[in-house]
1. Scan region 79-101 for residues that are within 16 Å of ligand 2 (Cβ to nearest atom) and modelled with pLDDT under 95 and jot them down.
2. Would you confirm, using the coordinates I've provided, whether Asn226 is on the phi > 0 side of the Ramachandran plot, modelled with pLDDT of 80 or more and not hydrophobic (A, V, I, L, M, F, W, C)?
3. Looking at region 93-126, which of its residues are within 15 Å of ligand 1 (Cβ to nearest atom) and either over 18 Å from the mean Cα position of the chain (by Cα) or of a type in the set (Gly, Ala, Ser) (or both)?
4. Just checking, does region 180-198 include any residue being over 22 Å from Met86 (Cα atoms) and not hydrophobic (A, V, I, L, M, F, W, C)?
5. Output the qualifying pairs, or none if there are none: Cβ atoms under 7 angstrom, residues six or more apart or on different chains, first residue in region 213-235 and over 19 Å from Pro192 (Cα atoms) and of a type outside the set (D, E, K, R), second residue assigned to a helix (DSSP H, G or I) and within 16 Å of ligand 2 (Cβ to nearest atom).
6. Look at Glu176 and say whether it is acidic (Asp, Glu), in the same structural domain as Ser83 (by TED's automatic domain parsing) and more than 16 Å from ligand 2 (Cβ to nearest atom).
7. Return the pair list, or none, for Cβ contacts closer than 9 Å from residues in region 185-209 that are within 14 Å of Ser230 (Cβ to Cβ) to residues that are in a loop (DSSP other than H, G, I, E, B) and within 14 Å of ligand 1 (Cβ to nearest atom), at least 6 apart or on different chains.
Amino acid sequence: MNPARLLLVVPCYNEEAILRLTYSRLNVLVNQLKQESSIAPDSRICFVNDGSRDKTWMIIEELCGKDPAVTGVSLSRNFGHQSAIMAGLEQHVDQFDCFITIDADLQDDIQAIASMIEKHREGAKVVYGVRSDRSSDSWFKRSTAEGFYVLMQKMGVPVIFNHADFRLVDRRVLQELGNFKEINLFLRGIIPLIGFRNEKVYYNRLEREAGETKYPLSKMLLFAWNGITSFSTFPMRLVLYFGVFNFIIAMGIVVYILFSYLFGFTVPGWTSTMLPLTFFSGSNMMALGLIGEYIGKIYEEVKGRPRYIIEKTINE
Ligand code: UDP
Ligand code: MG
């Protein structure tokens, strides 16, 4: 069997501090894999510039000029990590046999790539990179991330524990991925839904070598919220349970009011009026807000806007 043509897809948002280093590490690895005939000689690295405001695109252009095995895709603005990955993948779906997505910051151990290729050769169509050690992440990042995976799994979203977006997908899987049209892309949830034979490769999560995280807490929470509401209607059901619970209490209160009326407890208290009023208007608001969240999602999907817009490419 011929070695697979591999494309490494690297989403980059304001990564000027580390991009050259990332390239040189990946380049050494790719050349080594080519030499061992693990991958085809026309395997390449694709850097996707996700609307960076620093010199990221200049550096990508420079790398493309030096090395014909590098290709660059530049989006017209910042579309987010998931869309940047999709842009790099979809742009090349016909040219390669397998695709590995990896962050630009070298936090995912690139040595795991060789094992991914190996498993692909043995027949796996998806290979998930799973972090077996996150001690390099801060306590806060680690516990929020772990809480997130547990929450997702509890809500019935089929995420792989401690797997982010470091993974290999076969061309076949990518073609099927093209049929998932949602704008709110959450690849970690979608890929397991596609099926096919899959494997895991374990690696240690390293520290970011340069630059800083592009995922501050606010963006992380938004990402988690999107992941949950795009995949699970469980929160909506929770509101329903809550509504039923409220209804039962309300019935109790009605009985109490009727009872007071019939037996002549005629001093109606302020508390007994205000308490249910606030309670129920509060829970109503909550339910409405949550339903609004889902309607908002439907609204975005129905518009069917593009997930990303490619402004230019080099070395295609
Ligand atoms: N990234 C991107 N667009 C964004 C935010 C991030 O393409 O809007 C890229 C970023 O350049 C990096 C990867 O996504 O290659 C992961 O981001 P980061 O390392 O900042 O996230 P963390 O590892 O801290 O969760
Ligand atoms: Mg990172």
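The values are calculated or read from the model by the stated rules, or taken from the named source; none is laboratory data. This is a predicted model, so every value here is computed, not measured. Methodologically, a virtual Cβ is constructed for each residue, glycine included, from the backbone with ideal geometry; neighbour enumeration extends over all protein chains shown.
1. Once the filter is applied, which keeps residues that are within 16 Å of ligand 2 (Cβ to nearest atom) and modelled with pLDDT under 95, region 79-101 yields Gly80, His81, Gln82.
2. In short, no.
3. Ala104, Asp109, Ile110
4. So far as region 180-198 goes, no, none of its residues is over 22 Å from Met86 (Cα atoms) and not hydrophobic (A, V, I, L, M, F, W, C).
5. Within 7 Å, the pairs are Met220/Thr144.
6. Considered against the rule, which asks whether it is acidic (Asp, Glu), in the same structural domain as Ser83 (by TED's automatic domain parsing) and more than 16 Å from ligand 2 (Cβ to nearest atom), Glu176 comes out as yes.
7. Leu185/Gly80; Leu185/Arg307
Yes/no per residue for (1) more than 30 Å from Lys303 (Cα to Cα); (2) more than 14 Å from ligand 1 (Cβ to nearest atom); (3) surrounded by fewer than 15 Cβ atoms within 10 Å (Cβ to Cβ); (4) not assigned by TED's automatic domain parsing to the domain that holds Ala114:
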residue	(1), (2), (3), (4)
Ser135	yes, yes, yes, no
Trp139	yes, yes, yes, no
Arg142	yes, no, no, no
Gln153	no, yes, yes, no
Leu185	no, no, no, no
Gly189	no, yes, no, no
